[in-house]
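Structure record follows, encoded as structure tokens.
The values are calculated or read from the model by the stated rules, or taken from the named source; none is laboratory data. All figures in this text were calculated on a predicted structure; none of them were measured in a lab. Here Cβ is always computed from backbone atoms with ideal geometry, including for glycine, and neighbour counts include all displayed protein chains.
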Amino acid sequence: MQVRDVMTCQVVTVGPDTSAKDVGAVRAERGFAAVPVVDGGDRLVGIVAEVDVLRDRLPQDPRLHLRRAEDAGAPPPPVLVREVMTEAVRTVESGSDLADVARLVVDHRLRGAPVLDGDRLVGIVSRRDLLRALVRPDDEIRRDLLRLVEGYTGELDAWDVSVAEGVATVRRTRGEPQGPAGSEQRALEALARTVGGVVGVRVP
């Protein structure tokens, strides 16, 4: 399964010269973990995360901090996105294997990652998107897998496909495998892993 199969395509983006305050308002209202920053050609140039908006933007209340002489004459906080955004962004390609992206998200504790097609931003994949791929109903997974198996082999009514808790089992009920021993099994296992929601495959 590829990132393009589950990613969110309608992405709210901002430009480098957008007000950092406006981005904070968008984040607070929509609950986004981060907002991608793109140039005029939809090329990703950075990302604005929660910490970027919060950093040095909340002055301390002088009533609670009596000794704040060191703050005297301090410059105002940055006002534009280009001044607060993070330029080093972890991205994924739209054709990336979803399993690899899930590993990236877990290993680096990311809430999501911008999705690129070449150098253009085409979507964003979040933890929620990844979870949706895992929690598809078994009946829905079975239907998609059976259609793929029959289409690949060209044999109708020759397969018993069952899915339980995302684990798919594919059994031949009539006819004989074509090609070298084991080739059909390997092909069916690979085919099943392209179906969203499949977490394991058995081809007895």
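Checked against (1) without any contact (Cβ under 8 Å) to a residue 12 or more places away in the chain; (2) of a type in the set (D, E, K, R); (3) assigned to a helix (DSSP H, G or I), residue 109 passes all but condition (3).
Residue-by-condition table, conditions (1) at pLDDT 85 or above; (2) part of a loop (DSSP other than H, G, I, E, B); (3) not assigned by TED's automatic domain parsing to the domain that holds residue 127:
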residue: 26; (1), (2), (3): no, no, no
residue: 36; (1), (2), (3): yes, no, no
residue: 63; (1), (2), (3): no, yes, no
residue: 66; (1), (2), (3): no, yes, no
residue: 82; (1), (2), (3): yes, no, no
residue: 99; (1), (2), (3): yes, no, no
